[in-house]
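A.B. asks: One structure, as structure tokens, below. Some questions next.
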Amino acid sequence: MIVLIPARTRRHFLSTLAVAGGGLLYAPGVLAEQLALTPRQTEGPFYPSRLPLDTDNDLIVVNAALTPADGVITHLTGRLLDAKGEPVRNAVVEIWQCDAHGVYLHPGSDRSGSRDGNFQGFGRFLTGTTGEYYFRTIKPVPYPGRTPHIHYRIARAGKEVLTTQCYVDGDPGNARDGVLRGIRDERARQSVIVPFAPLPQSTVGELQARFDIVLGVTPAA
């Protein structure tokens, strides 16, 4: 079951983002040629070998724990669109990323026992009629050999339709990252690099980021 952030909190954040982001919100029916299709990227070696008991869209707090995860809290949202610019509903958006210490929720990653047990490391969200998704997570950090990024996997009707990654605009590691630089098309590469900007009115330094995902095919209903 997908457990959501309390409705009041989520509505406040999304309304704030809509005002701040303005033109970042796609309207249904946008011409396909105006959209950059989100490129497929490698899943990487650290998709969780065992999913955590808590797989909701709040990665900062695990179950009923009182201690939040280390790292800079980030409100991560976006819309899932098909090749025609129409919102994709009833799709499962999964994300996973390393914690603030550079450790994934995977035994092959935690070689020093330093994993942050308060960071969920993985989350899911089911899109509705607008194709919108929302996660509360941390700003990604680098780990050896990679620039900061968040992994995404999209599935619909039990079938995977896209695996990709999202990157931090302006991070110096982007220029050296082989996976990111492997996207040869400049427009496609820029489509997966997004700003992580201060969240207006946040008193604790929270960030906001918007990553809209455009599928190269129209998923079956």
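A.B. asks: Can you list the HN-Hα couplings for the range 152-168, worked out from phi with the Karplus curve (6.51, -1.76, 1.60; θ = phi - 60°), rounded to whole Hz and with x for Gly and Pro?
C.D. replies: Coupling constants for the range 152-168: 10, 9, 10, 9, 9, 6, x, 10, 5, 10, 6, 10, 8, 9, 10, 10, 8 Hz.
A.B. asks: Could you provide, to the nearest whole Å², the per residue accessible area of the range 65-221 with probe 1.4 Å? Let's see the in-between values first.
C.D. replies: On the way: 6690 Å² over 157 residues.
Accessible area per residue, the range 65-221: 43 Å².
A.B. asks: Right, next: Please tell me the relative contact order of the range 78-216 in percent, rounded to the nearest whole number, where contacts are Cα pairs under 8 Å and at least six residues apart.
C.D. replies: On the way: 251 pairs, mean separation 37.0, N = 139.
Reported relative contact order: 27 percent.
A.B. asks: Take A175, project a point 7 Å from its Cα along the Cβ direction, then tell me which residues of the range 121-151 have their backbone nitrogen under 15 Å from it.
C.D. replies: 147
The values are calculated or read from the model by the stated rules, or taken from the named source; none is laboratory data. Remember, predicted model here, so these are calculated numbers, not experimental data. Because the Cβ atoms are built from the backbone with ideal geometry, glycine has one as well, and the counts that use them run over all protein chains shown. These accessible areas exclude ligands, DNA and RNA; they are computed on the full protein's heavy atoms, side chains included. Shrake-Rupley method; radii C 1.70, N 1.55, O 1.52, S 1.80 Å.
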